[in-house]
Amino acid sequence: MKILLLGKDGQVGWELQRALAVLGDVIALNRHPVPTSFGELSGDLTNLQGLRDTIRLVAPDVIVNAAAYTAVDKAESERDLALKINAQACQVMAEEASRIDAFLVHYSTDYVFSGLGTRAWNETDDVAPVNFYGESKLQGEQGIVASGCKHLIFRTSWVYAARGNNFAKTMLRLAKDKQTLNVIADQVGVPTGAELLADVTVQALQKAQLNPQLCGIYHLAPTGETSWYEYATYIIDFARASGEQLAVAEINPIATTDYPTPAHRPLNSRLDTKKIRAAFSLHLPDWQSGVNRMLMEILNK
Ligand code: NDP
């Protein structure tokens, strides 16, 4: 089996390079062109013709798209770029996947929802993105579904990995220098490890290839829930217990309204994972176990 992986160096892309390797030959690209004996491969999602040509040259059985415009605040002012990467490039992938009957795997976000209420979102809930990043990701999903290609779309939340930039690393960095940290306490969600996303992708892909009825959109996150404030406290307690020297003496819970950002953030990022657990016979671990592993890796313990 031939797999084309886009966005190979992102948090999820990096883990997919590892996890997909057991399924077949992985041609993994980032945004930089790669010359080959059969032509130049381009994984730059702003180069739509280059992307189309690359899919035609590679002729993969599976396309896995881990590339995305993920700068949530900047997306408010870089709308055309966010749309090109998160929506138009997905459209090209979906059209090409349809043409060659390839499978398309893609990742999306709880930001497609309004963030209202406290109930965990399920796959059939109405969408209503709270910011432009969410809107661009929604358009990406819609293009894939409308194309009719065989697809798996995993909506997830609060992604972290030992490699890459994320909230946990930012908190550890700040905690080394600052005495006081103010962290938002009224946004609730589930930290999701890139490792888990990659491992579930492989399992789900294997089953969906045998049974295309399983194609569709799935919510994927570990079990449990937390706020950014509780998550920050957890990270800092863990680091201290592991012997890290931290300057921070006080972590204060604050409201979203006390920390204005260019893009609105949803208060409720909970995702209901019943559908994916039933479809693929999955056991999803609690969020702490993956976070512990990431922290041990970052802290070199
Ligand atoms: P990262 O930001 O870690 O990785 C995104 C990757 O996309 C980077 O390697 C980046 O490359 C690449 N990229 C950006 N622009 C382009 C481009 N024009 N052409 C090619 N590659 C490009 O994201 P994650 O791994 O965390 O996210 C994976 C998926 O999960 C995405 O679909 C994202 O929307 C979704 N998601 C992420 C969440 C999160 O908290 N991070 C939450 C919910 C969903 P470069 O470094 O060169 O810019």
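The values are calculated or read from the model by the stated rules, or taken from the named source; none is laboratory data. Predicted model, so just to flag it, every value in this text is computed and none were measured. So basically every Cβ, Gly included, is an ideal-geometry build from the backbone, and we count neighbours across all protein chains shown.
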Those helices (runs of 4 or more DSSP H) completely within region 211-301 that have 3 or more residues that are farther than 30 Å from Val145 by Cα and not hydrophobic (A, V, I, L, M, F, W, C) are 228-241, 287-299
When (1) within 12 Å of the ligand (Cβ to nearest atom); (2) at positive phi are applied to Thr156, the one that fails is (2)
Which members of region 55-82 meet the condition of being part of a loop (DSSP other than H, G, I, E, B), among the aliphatic types (A, V, I, L, M) and within 13 Å of the ligand (Cβ to nearest atom)? Ala66, Ala67, Ala68, Ala71, Val72
Can you run down the residue pairs with Cβ atoms below 9 Å, 6 or more apart or on separate chains, where the first is in region 4-17 and closer than 20 Å to Gln203 by Cβ and without any contact (Cβ under 8 Å) to a residue 40 or more places away in the chain and the partner is near the ligand (Cβ under 9 Å from one of its atoms) and among the charged types (D, E, K, R)? Gln17/Lys8; Gln17/Asp9
Leading residue by the ranking (surrounded by the most Cβ atoms within 10 Å (Cβ to Cβ)) among those in region 94-121 that are free of Cβ contacts under 8 Å to residues at least 60 places away in the same chain and under 19 Å from Ser136 (Cα atoms): Thr109
Which condition number in (1) touching a Gly at 6+ places or on another chain (Cβ under 7 Å); (2) within 12 Å of the ligand (Cβ to nearest atom) is the one that Val130 fails? (2)
Taking region 251-291 as the region of interest, how many residues are surrounded by 15 or more Cβ atoms within 10 Å (Cβ to Cβ) and either touching a Cys at 6+ places or on another chain (Cβ under 6 Å) or over 14 Å from Thr223 (Cβ atoms) (or both)? 14
Enumeration of residues in region 184-206 that are within 23 Å of Leu267 (Cα to Cα) and away from the ligand (no atom under 16 Å from the Cβ): Ala185, Asp186
Out of all the residues in region 54-63, is one or more modelled with pLDDT of 95 or more, over 13 Å from the mean Cα position of the chain (by Cα) and of a type in the set (Asp, Glu)? yes
List the pairs whose first member sits in region 152-163 and is assigned to a loop (DSSP other than H, G, I, E, B), whose second member is more than 8 Å from the ligand (Cβ to nearest atom) and of a type in the set (Asp, Glu), and whose Cβ atoms are under 8 Å apart, counting only residues at least 6 apart or on separate chains? Ala161/Glu15; Ala161/Glu195; Ala162/Glu297
When only residues in region 71-93 that are within 19 Å of Gly7 (Cα to Cα) and polar (S, T, N, Q) count, which is surrounded by the fewest Cβ atoms within 10 Å (Cβ to Cβ)? Gln91
What number goes with the only condition from (1) in a helix (DSSP H, G or I); (2) in contact with a Phe, Trp or Tyr (Cβ under 6 Å, 6 or more places away or on another chain) that Ala208 does not pass? (2)
For region 32-54, what are the residues that are in a helix (DSSP H, G or I) and hydroxyl-bearing (Ser, Thr, Tyr)? Thr54
Taking the residues in region 30-54 that are among the aliphatic types (A, V, I, L, M) and over 13 Å from Lys2 (Cβ atoms) as candidates, determine which candidate is farthest from the ligand (Cβ to nearest atom). Val34
Based on what the data block shows, is Ala146 under 15 Å from Leu104 (Cβ atoms), free of Cβ contacts under 8 Å to residues at least 60 places away in the same chain and in a helix (DSSP H, G or I)? yes
